[in-house]
Every structure is written in C-alpha cells, then in structure tokens.
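Throughout, read-outs are computed from the coordinates displayed, never taken from laboratory work. Bear in mind the structure is a predicted one, so any value in this text is a computation, not a measurement. Quick reminder, even Gly has a Cβ in these numbers, built from the backbone with ideal geometry, and neighbours come from all protein chains shown.
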Amino acid sequence: MKNKEIKINLEVYGSSSEMSAQDSDLVQRAKLATENAYAPYSNFQVGAAVLLENGEVITGSNQENAAYPSGLCAERTALFYAGAKFPNVAVKSIAIAAQTGGQFCAQSVYPCGACRQVMLENEMRGRQPIRVIMAGENEVEVVRSAHDLLPLSFDELKK
Ligand code: THU
C-alpha cells in the first residue's frame, strides 16, 4: 500500500483592497445578485457572478421551491444561463457571496458538491481553468481552478 496526498492552494485575501480590480468587481456583483435570490425556505440568499472570456458578466441567485429539490443554487443558475446565452464562450471566473438575516456571511461561501461538478465540466468545456472566488466579509478565498475543489472527480468525457 502507498499513500497519495492531494494538496490545493488557496489564495486568501484579507480585504478587497488586496484583490485585483477584476476579482473585487466580480465579488461586488455576486453580492448584488444575492438581492435577487428567492429563498423563503432557507433564508440563505446566495449570489454568483460569472465572468466570461468575451467580457460579459452573468449573475445568478438561488431559486428555491416548495418541492425542495426542484430549487437551484446560485452558481448553477448563473453557469447554466451563461451556457444557454453564450454556448461557445469560456468561463474565466466565478464569484460567490451570500447573506442571511440581512448580513453578508463573514466567512467564505463554498460551493456545494453539485455546483463543483458543474464548474468542472464548464472548465473542461472551455479548456481553461476557472478562477473560483469565494467571498466572505472577513476574507475572500480563491482557487485558480475548479478542479482544485473537486480533485477526484467523475468525468464521463475522460473514458
Ligand atoms: N445554495 C447555493 O445557492 N449555492 C451553494 O453552493 C450551496 C447552497 C443555496 C441552496 C439553497 O437555496 C440555500 O443555499 C440553502 O442551502
């Protein structure tokens, strides 16, 4: 038996002034998008902003439903809309933010497993890494590739 170790690198920003203008603009847009969330069941309003290679920014928010699994996360709402509107344009980066009880989350908001899987497929489709910017009020954490968030991934296209 041998052991394999998987390491990921997180860029950690203590304030928006440490971030690039592009990242901090995307975080602002994700925060704004939380206002459009429909989250009467969880009261957890998530916003996502997707920057495309052609400069377009697509935003999304979580949309819940009384039949709970029918709802959709902010990240997938934004990514699927980006794919529907610009099918052949690669995704450069995605920012995620959330608020609950009128307060933005202090810690970074990490995407759920299903959203990671969708980000990864977008990354492979666009043939370039997607920068994932996970915003919190206290700090913002960034991975340079969606693959870092889902290292041992299922990938039907590989077969
Ligand atoms: N949610 C997202 O929008 N993104 C995630 O990555 C995790 C969770 C939403 C789903 C649900 O509407 C609410 O947050 C509470 O789980």
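At-a-glance table
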| quantity | calculated |
| --- | --- |
| Under 13 Å, Cβ to Cβ, from residue 110 - net charge with Lys/Arg +1 and Asp/Glu -1 | -3 |
| Local electrostatic count, residue 72, Cβ distance below 15 Å [Lys/Arg +1, Asp/Glu -1] | 0 |
| For q = 0.14, 0.18 Å⁻¹, Debye-computed log10 I/I(0) when each Cα of the stretch 10-152 counts as one equal scatterer | -0.58, -0.97 |
| Highest-MSF residue in the chain out of 72, 149, 26 [GNM, Cα springs under 10 Å] | 72 |
| The stretch 10-152, relative contact order in percent, only Cα pairs under 8 angstrom and at least six apart counted | 24 |
